[in-house]
1. Kindly report, to the nearest 10 Å², the accessible surface of Ser69 as traced by a 1.4 Å probe over protein heavy atoms only.
2. Name the residue from Gly32, Ser143, Leu175 whose Cα lies farthest towards the positive end of the charge dipole of the chain, charges +1 on Cβ of Lys and Arg and -1 on Cβ of Asp and Glu.
3. Between Arg199 and Glu344, what's the calculated FRET efficiency when r is the beta-carbon distance and R0 is 30 Å? Round to 0.05.
4. Accessible area, 1.4 Å probe, largest first: how do Thr317, Thr146 sort?
5. Specify which labelled value, from (1) 204; (2) 160; (3) 149, agrees with volume of the Cα convex hull per residue in Å³ derived from the coordinates of the model shown.
6. Hey, any idea what the orientation-averaged projected area of the convex hull of the range 235-315's Cα atoms comes to, in nm²?
7. Which angle from 0 to 90°, rounded to the nearest 10, does the C-alpha axis of helix 196-207 make with the longest principal axis of the chain?
8. Give me the percent relative contact order of the range 252-359, please, defined on Cα pairs under 8 angstrom at least 6 residues apart.
Amino acid sequence: MEAPLQRLLALADAAPPKETAWVAVADPEGRGLATALVSALDLPPWPNSAMDGYALRLADWHGEPLAVSQRIFAGHAPQPLQAGTCARIFTGAPLPEGADCVEMQENAQVLDDGRVTFSEPLRVGQNIRPQGQETRVGEQVMSAGTRLGPIELGLAATLGHARLEVVRKVRVALLSTGDELVEPGLPLGPGQIYNSNRRLLASWLQRLGCEVVDAGILADDLQLTRDCLARLADVDLILSTGGVSVGEADYLGIALREAGELALWKLAIKPGKPLTFGHYRGVPVIGLPGNPASTLVTFGLLTRPYLLRRQGVANVTPLQFSVPAGFDWPKAGTRREYLRARIEDGRVRIYKNQSSGVLRSAAWAEGLVEVREGSTPQQGDNVSFIPLSELLG
């Protein structure tokens, strides 16, 4: 599994230079940051109060009540603190010049004459967020290749960035093969099934920030297949489901080999053994297996990282962690298996039917359990769990 992934990532890195675009900070969720984001200001830009309370200069206070000389709200510029007084201050408000301590209002008592007493010991710097606590001018806040999510976009906005330079969206032509496939909503004929993979992948590609070109279902006709491929010259990837084999009825494989090259990879994983990669007139091609669970696993573990890397994302490895097994797996396999599973009561349970044709198993699941080749995990043994939320987003 590691070798095919590294090969795909190497192919992604070797693709033509990534085009970039400047977009509004509200738009690029899921995109890869093209250039490092450097702070142009200190954050916070001035010392401010971490509490609602009272600001004072500790050296001016000897336990006596202090008069309140000003009130400071967030967004307002304070006056320098008058000697021997305190300032009423609210969370996020700038600290007045001369103050070096903030006491929270819960530890202060306002007397009838308006002066304030403090009941707890105080120290310099208490409840103050210093200037530049989060970042300083010139500090790199995000590196090129960072994938932009809500938190990253919020940080960019905090630093005052209205636009970000990101890698252009990857254009993916999505096509299915086979006369047996019918779109949902149409009547089924003898031997036909509904095309679930196209809907699964189209939604997934959009989540990954790709631009999807719907190439439809390819009929089992060589000339129609050639015509379809000829219309896809301006895409960045041709993604097919149903696999690309060497059979005489495999018209997609024939058409691809006529004007390009194609390699069949027999992956040592289950589900999802067959996967193809190649080029058609210079456009990369990935052929996924047709069974829905196989499509899900091979896209999530191989195609997803390839596409993210094409979009300039540096870290494409999904989070995975160890969880005690809530099942027995007595038979060691020769392939690495990815079982649809969920966590219940602190243990990971697997779906009862792990057939590659059962998409319901993935709808029930919360993630994939990795069972390495030659291993036989038993109840309580730690197994590696990959959340579907990591793969789908």
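The values are calculated or read from the model by the stated rules, or taken from the named source; none is laboratory data. Keep in mind the model is a prediction, meaning the values are calculated, not measured. All Cβ positions, even for glycine, are placed from backbone atoms using ideal geometry, and neighbour counts span all protein chains on display. Just the protein is used for accessible areas: all its heavy atoms, side chains included, with ligands, DNA and RNA removed. Shrake-Rupley method; radii C 1.70, N 1.55, O 1.52, S 1.80 Å.
1. Answer for Ser69: close to 40 Å² accessible.
2. So the residue we want is Leu175.
3. E between Arg199 and Glu344, to the nearest 0.05, is 0.60.
4. Most to least solvent-accessible, the answer reads Thr317, Thr146.
5. For volume of the Cα convex hull per residue in Å³, the calculated option is (1).
6. Directional mean of the projected Cα hull area for the range 235-315 stands at 5.6 nm².
7. The angle comes out at about 30 degrees.
8. 24
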